[in-house]
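Throughout, read-outs are computed from the coordinates displayed, never taken from laboratory work. Being a predicted model, the structure only gives us computed values, none of them experimental. Please note: Cβ atoms are built from the backbone with ideal geometry, for glycine as well, and neighbour counts cover all protein chains shown.
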Protein chains: 2
Amino acid sequence: MEKPISSAPASGMRDLVPNEVALRDWAIGIITESYHQYGFTRIETPIMENINLLRGGEGGENLQLIFEVLKRGDKLERELKETSVRKDSLADLGLRFDLTVPLVRFYANNVSTLPTPLKAIQIGPVFRAESPQVGRFRQFVQCDIDIIGVKSEIAEMELVQATSSTLLQLGFENFTVRINDRRLLALLAESFGFAKEKTDRVFITLDKLDKIGIDGVSKELQNDEHAAAAITKMIDFLTRSQTAKGDLTAQRAALPDLVTDEIWQPLYNVVTAIQNIAGGKFKIEFDPTLVRGMGYYTGMIFEIACEGYSSSVAGGGRYDKMVGKFSGRDVPACGFSIGFERIVSILSEKGFTPPSTKERIALIFDADRDNAVDVLHAATELRKKNHIVGVYARKKDMKKHLDQLVSQHYSGYVSYRGKDAELEVKSLK
Amino acid sequence: MEKPISSAPASGMRDLVPNEVALRDWAIGIITESYHQYGFTRIETPIMENINLLRGGEGGENLQLIFEVLKRGDKLERELKETSVRKDSLADLGLRFDLTVPLVRFYANNVSTLPTPLKAIQIGPVFRAESPQVGRFRQFVQCDIDIIGVKSEIAEMELVQATSSTLLQLGFENFTVRINDRRLLALLAESFGFAKEKTDRVFITLDKLDKIGIDGVSKELQNDEHAAAAITKMIDFLTRSQTAKGDLTAQRAALPDLVTDEIWQPLYNVVTAIQNIAGGKFKIEFDPTLVRGMGYYTGMIFEIACEGYSSSVAGGGRYDKMVGKFSGRDVPACGFSIGFERIVSILSEKGFTPPSTKERIALIFDADRDNAVDVLHAATELRKKNHIVGVYARKKDMKKHLDQLVSQHYSGYVSYRGKDAELEVKSLK
């Protein structure tokens, strides 16, 4: 026999064994059913997109992380014949790095047959060529809902309501929805007198508030050589704002004059609507320091944090300018994404096992003695009693065999004893 | 506004709109639940594998169709600095072209934690760089069950039973399972005196029997310049075999002496067992001319054809020598794959619509007049009555709006009339 080939998955990729898939499938089932209840329906886009679409999209840092797919046949031969092979022209396709860029393309491509507004669910793998490290994978599942075609903040309300209700059904409690508006954030920086070209860096620092505190933000802004007066005003604002937390009137009063009611009122409406709907089961807070990374957001942004866990479990926002890049006509759009891998790893840490609706029974027969047809008929009889039935040949070490059945979540077994013998289920619990 | 980017999916790829995904999800639900009943559990492997694994696998023609993923960073720079860039060293990863090569790697990689035997379900996309043409896509879903670790033909019986029962649950009837053994096929060619190096070409011709008939096969074998005596014996065999169809004793008698009971008995056992289990709902036939394309099969092979449709809806076989390529130790293995895209397109041609278990109700409100919180509360009330509820702002053209709701499978709607008004459901049927 030849030397065996390596059996490890590619770097940064992973195999999912039955118990892992069972947990993921359970979560996907809950999420899908919950979103269906809100009138969302699933759509799907291909794993691969034209490379120009991905490179031209607003992927931010993700643009550096695209897995590019080599051209094939004559197209590739032509590139390789060039005196100097150009790196950028070797690929014609790439693997999607998120579900938002493909969604926007999808919407523009299918607008004539799609309902307006479109309320879409997307659940599927995305790919990023990050440096492999523990717990970070190069293929992971994203789970988004988006509403395309609704300008008013009822879209934000529905997204937050549907996502929160889904998290509750997944067993998450004590979570907080933080909400802000990207325009408000820009107005803060402008009001306080930060240089326009350095606003993005102000946001990067603000984003760390949770981790480094007001003092940390102050230090980082100083190191970054922003105008001293601007820093003072920002720190003053952050201090007042933190005191006012949870009190919308006081939070409104702390905002600079540039923030008009046009921006404030929809935010206020969403916060109060969701507080009302939440019934105390989760919290929603206006947080003027919430940033969210993606550059394509144009209005409200939101994030869900879960007590006891550092990173967020969901995030999203409004992106009214993206559809126009494809269709030539702007269409309002808004989305919320559940951090699927985060959710699954929290459930797994908690030792959560999906409830099973049917009993799993193993039918054990003697391969040398028993008639296979009779065994299969016996299995069919057991299935008619609404059991899940696996058929297994008896192994020499019965104890080891039964242990293995337990680890496969079998709750009972039947020792097959011939065509006319009764099928007696013995418990494995 | 800049010139819009093209919104079409990449060549050979497709977008799936809500009604399409609903049908696919329904089929996946039926298939998964049916296979679960037989004790199979889902596993998942990554979309991308190391390119050497894919190239080294037994992919047959598919090896020409691999989407290769470009190396990144320094690794790519190094390749491009070579005086002559080598095509084969530009990629380090590739997209899987089937689910069997990855399964075998998965098994070898996880054998210590997996149950033996492993009864695995795999449902997921695979990728082949075929020339784009109508109805053929470069990304499509495969849907396999495999049993790894069972040497006896009970594995084949279970695979055929589970797959047939699944097809019945998908609404397919009047289908026929054709079954053969790869070794028997080889012995036929040997017995009749075909040149060993030309056996594969004999099989390619035999595979066309359904389409071109015995005369067609005879002509093609002659054109291919096989030994005249061998051709005569083969045609004689085919004629006798066709007469004997459905009569196992006569079919056995028509086989050359080289086919021993060691090969015949398991085949006979599977055919009779499944005939017994089928209860007349579908047929199983021994077909000594069944070929199946893949080179890795080592024993029984099977295929399911559906009356009125030319290509098969499922296919599979035993591949006892593949696991050994990874683990260095052969492990018996056997699989059956449902042609998922074929199934879905037949269901779609039939005009099949997945049954819905809940009523879909649209709640229509007036965006200018109504209070959003009250509207969302009304939607929640309707959901408590076990309805799926989509919330929509009233459009100017009410008739058009209602038509669109019908096309989204809404069965009723409620015109919101204020906080205290009753929620009256009007039928859309």
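Miscellaneous remarks
- Whole-angstrom gap from region B:42-78 to region B:308-338, using each part's C-alpha centre: 20 Å
- Residue-averaged [θ]222 nm for chain A, counting only DSSP H segments that reach four residues, each worth -39500 (n - 2.57): -12500 deg cm²/dmol
- About the Cα centre, charge dipole magnitude for region B:18-349 (Lys/Arg +1, Asp/Glu -1 at Cβ), debye: 540 debye
- Annotation: the antiparallel percentage among DSSP beta bridges lying fully within chain A is about 70.
- Between this copy and the others, label points of residue B:78 are 3.1 nm apart in ascending order, each placed 7 angstrom from Cα in the Cβ direction.
- Cβ-placed point charges (K, R +1; D, E -1), dipole of region A:123-215 about Cα centre in debye, nearest 20: 380 debye
- Relative to the Cα centre, the charge distribution of the protein assembly as shown, modelled as +1 at Lys and Arg Cβ and -1 at Asp and Glu Cβ, gives a dipole magnitude of about 180 debye.
- Cα-Cα pairs of region A:273-423 separated by more than 18 Å (percent): 73 percent
- Non-local Lys pairs in region B:360-427, i.e. 8 or more apart or on different chains, that have alpha carbons under 24 Å apart: 10
- Phi angles across region B:106-111 convert, under the Karplus curve 6.51 cos²θ - 1.76 cosθ + 1.60 with θ = phi - 60°, into 3J(HN,Hα) values of 3, 4, 5, 6, 10, 4 Hz, Gly and Pro given as x.
- Inter-copy spacing of residue B:33 label points, which lie 7 Å from Cα along Cα→Cβ, given in nm from shortest upward: 1.1
- Placing a label point 7 Å from the Cα of residue B:65 along the Cα-to-Cβ direction, the distances to the matching points in the other copies come to 3.2 nm, shortest first.
- Too-long pairs where the Cα-Cα distance tops 28 Å, listed order kept, from B:211/B:281; B:219/B:283; A:151/A:211: B:219/B:283; A:151/A:211
- Cβ-derived FRET efficiency at R0 35 Å, residue A:20 paired with residue B:52, nearest 0.05: 0.85
- Placing unit charges on the Cβ atoms of the charged side chains and taking the dipole of region B:360-427 about its Cα centre, the candidate lying farthest along the positive direction among B:410, B:367, B:387 is B:410.
- Per residue, the convex hull spanned by the alpha carbons of the protein assembly as shown comes to 205 Å³.
- Lysines with Cα under 29 Å of residue A:71, excluding same-chain neighbours fewer than 8 positions away: A:81, A:87, A:325, B:3, B:71, B:75, B:81, B:87
- Based on Cα contacts under 8 Å between residues 6+ apart, region A:360-427 shows a relative contact order of 46 percent.
- Cα centroid separation, region A:122-157 to region B:358-400 (Å): 27 Å
- Of the chymotrypsin sites (Phe, Trp or Tyr not before Pro) in region B:215-285, not one is in a loop by DSSP (not H, G, I, E or B) with at most 10 other beta carbons within 10 Å.
- Full-stretch length increase - residue B:357, residue B:422 - with 0.36 nm per residue and alpha-carbon distance subtracted: 20.9 nm
- Projected onto its three principal axes, the C-alpha set of region A:18-349 covers 65, 48, 43 Å, listed from the longest axis down.
- Of all DSSP bridge pairs formed entirely within region A:360-427, close to 25 percent run antiparallel.
- 3J(HN,Hα) couplings calculated from phi for region A:410-420 with the Karplus curve 6.51 cos²θ - 1.76 cosθ + 1.60 (θ = phi - 60°) are, in sequence order, 6, 9, x, 9, 10, 8, 5, 10, x, 3, 9 Hz; Gly and Pro show x.
- Loop sites here are GluC sites (Glu not before Pro) outside DSSP states H, G, I, E and B with no more than 11 other Cβ atoms within 10 Å. The longest part of chain A free of them is A:308-421.
- Loop-resident trypsin sites (Lys or Arg not before Pro) (DSSP state other than H, G, I, E or B) in region A:271-369 with no more than 12 further Cβ atoms inside 10 Å of their Cβ: A:329, A:350, A:369.
- Across region A:136-145, rounded Karplus estimates of 3J(HN,Hα) from the backbone phi angles (6.51 cos²θ - 1.76 cosθ + 1.60, θ = phi - 60°) give 10, 10, 8, 10, 8, 8, 10, 9, 10, 10 Hz, Gly and Pro being marked x.
- C-alpha long axis of helix B:182-192 to longest principal axis of chain B, angle in °: 30 degrees
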